1. Can you tell me the dipole magnitude for segment 135-202 around its Cα centre, using point charges on the Cβ only (Lys, Arg +1; Asp, Glu -1), in Debye to the nearest 20?
2. Quick one: compute a quarter of the convex hull surface over the Cα atoms of segment 127-199 and quote it in nm².
3. Enter the angle in degrees (range 0 to 90, nearest 10) between the Cα long axis of helix 156-169 and the first principal axis of the Cα atoms of the chain, meaning the one along which they spread out most.
4. Restricting to the chain, compute how many DSSP beta bridges are antiparallel as a %, nearest 5.
5. Subtract the Cα-Cα distance of Gln54 and Arg200 from 0.36 nm times their separation in residues, and report this length gain in nm to one decimal.
6. Largest first and in whole Å, give the semi-axes of segment 1-55's equivalent ellipsoid, each being the square root of 5 times a Cα gyration tensor eigenvalue.
7. With contacts defined as alpha carbon pairs under 8 Å and 6 or more residues apart, what's the relative contact order of the chain in percent?
8. Throw me the Rg/Rh for the chain, computed over C-alpha atoms with Kirkwood Rh, two decimals.
Amino acid sequence: MKVLVIGLGGVTNGGKTTLAKQLGKQLPNCSILSQDDFFKPESEVEIDEHGFKQYDVLHALYMEEMVASIRSWMKNPTGSCVSTAESKSTPVNLKSTEEVHILIAEGFLLYNYEPLNEVWDKTYFLTIPYEECKRRRSARVYQPADPPGYFDGHVWLMYLKHKREMEENTNNIVYLDGTKSEEDLFSHVYNDIVRELETRKK
């Protein structure tokens with residue numbers, strides 16, 4: 001059974017989840033896994049010297065479990081616990097690729113954990129500028145809520161740090177402009193994946 005594992009990473013509030021869901025509705029045999037589902041309980045998340053909970057770091061996540069979930073899906077896409085997206089009818093041009101099973105893993109720290117970098121077939125990374133990211137973040141409700149100064153004092157600093165590390169250690173990432181319309185982003189990634197599927201049926 002052929003599989004295609006896609007990483008959809010990027011900055012917080014960059015549009016990862018929205019794009020993953022859109023792709024899941026249009027691609028055949030597509031499952032979606034969210035890194036957010038692997039956060040440790042709040043009681044296990046460390047606190048820095050400023051009193052900020054360290055959520056935007058690898059050790060706030062059960063990364064080994066995430067890798068295990070992806071590996072399990074790769075061995076048995078139809079029998080794993082990863083949720084399968086409810087796709088619409090398969091477009092005619094993709095009928096011949098229906099034997100390929102697709103996994104989209106979306107998250108903010110996908111490419112900074114070496115065992116994960118061994119599974120990707122395609123990798124994407126959504127970026128948005130500081131001001132837009134801060135605006136979007138402030139408009140969302142988090143549990144627990146962001147304390148005052150959390151975005152500047154932790155979230156954005158960790159994003160920049162991890163992005164630098166990613167750029168130093170990872171190749172072949174396709175960068176996406178998260179300020180573009182949802183339609184443009186979907187079209188770009190969808191067409192790219194379709195081309196990949198076409199090469200795999202040859």
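1. 120 debye
2. Result: a mean projected hull area of 6.7 nm².
3. Between the helix axis and the principal axis of the chain, the angle is about 50 degrees.
4. Around 10 percent of the beta bridges assigned by DSSP in the chain are antiparallel ones.
5. So the chain would gain 48.5 nm between Gln54 and Arg200.
6. With the √(5λ) rule applied to segment 1-55, the semi-axes are 31, 13, 9 Å.
7. 36 percent
8. Ratio value, two decimals: 0.97.
The values are calculated or read from the model by the stated rules, or taken from the named source; none is laboratory data. Since this is a predicted model, take the numbers as computed values, not measurements. Cβ coordinates were reconstructed from backbone atoms using ideal geometry, including for glycine residues, and neighbour counts include every protein chain displayed. These area figures cover heavy atoms from the full protein model, side chains too; ligands, DNA and RNA do not enter into them. Shrake-Rupley method; radii C 1.70, N 1.55, O 1.52, S 1.80 Å.
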